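Chemist: After the structure tokens below, expect a handful of questions from me.
Throughout, read-outs are computed from the coordinates displayed, never taken from laboratory work. Note that the coordinates shown come from a computational prediction; the quantities given were computed from them, not determined experimentally. When we count neighbours, we look across all protein chains shown, and the Cβ atoms used for this are built from the backbone with ideal geometry, even at glycine.
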Amino acid sequence: MRASFSNRCFFTKAVSIWTSTGDTDHVIIVGAYFHYAGGFEPPKAVDISPNPGRTDPMYVVYSKKLAG
């Protein structure tokens, strides 16, 4: 399973934990969804930003479903 996201959002639509934290915390929050959902390997994250520091960041957090 994969979840991809940037740091762009509509502040009036986003939950407060998202608007009050930064990119690193966003990766941790999304990884926690995999962890607490159960049945997944430990999540991993990658920064796939096309031009880091010059364009909007883009992150992917992913994990594999455990066998069985």
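Chemist: Packing-wise, with mean Cβ within 10 Å as the measure, how do 24-31, 60-67, 49-56, 3-10 rank, highest first?
Modeler: The peptides rank, most packed first, as 24-31, 60-67, 3-10, 49-56.
Chemist: Using the basic label-point model (7 angstrom from Cα toward the beta carbon), what is the Lys64 to Arg2 distance in nanometres?
Modeler: Roughly 1.6 nm, to one decimal.
Chemist: Using 0.36 nm times the number of residues separating Ala32 and Cys9, minus their current alpha carbon distance, what extension gain do you get?
Modeler: Values: separation 23, 0.36 × 23 = 8.28 nm, distance 2.00 nm.
Gain on stretching Ala32 to Cys9: 6.3 nm.
Chemist: In deg cm²/dmol, rounded to 500, what helix-only [θ] at 222 nm does the chain give when every DSSP H run of at least 4 residues adds -39500 (n - 2.57) and the total is split over its residues? Display every interim value, and only then the final one.
Modeler: Values: 2 runs with 19 residues, N = 68.
That comes out to -8000 deg cm²/dmol.
Chemist: For each of Tyr59, Tyr33, count neighbouring Cβ atoms within 10 Å of the residue's Cβ, then give the residues from fewest to most.
Modeler: Lowest count first: Tyr33, Tyr59.
Chemist: While we're here: Excluding Lys64 itself, calculate the net charge of residues whose Cβ lies under 13 Å from the Cβ of Lys64, where each Lys or Arg counts +1 and each Asp or Glu counts -1.
Modeler: With Lys, Arg at +1 and Asp, Glu at -1, the net is +2.
Chemist: I need the semi-axes of the equivalent ellipsoid of the chain: take the C-alpha gyration tensor, multiply each eigenvalue by 5, square-root it, list largest first in whole angstrom.
Modeler: Values: eigenvalues 109, 49, 14 Å².
Each semi-axis is √(5λ); the values are 23, 16, 8 Å.
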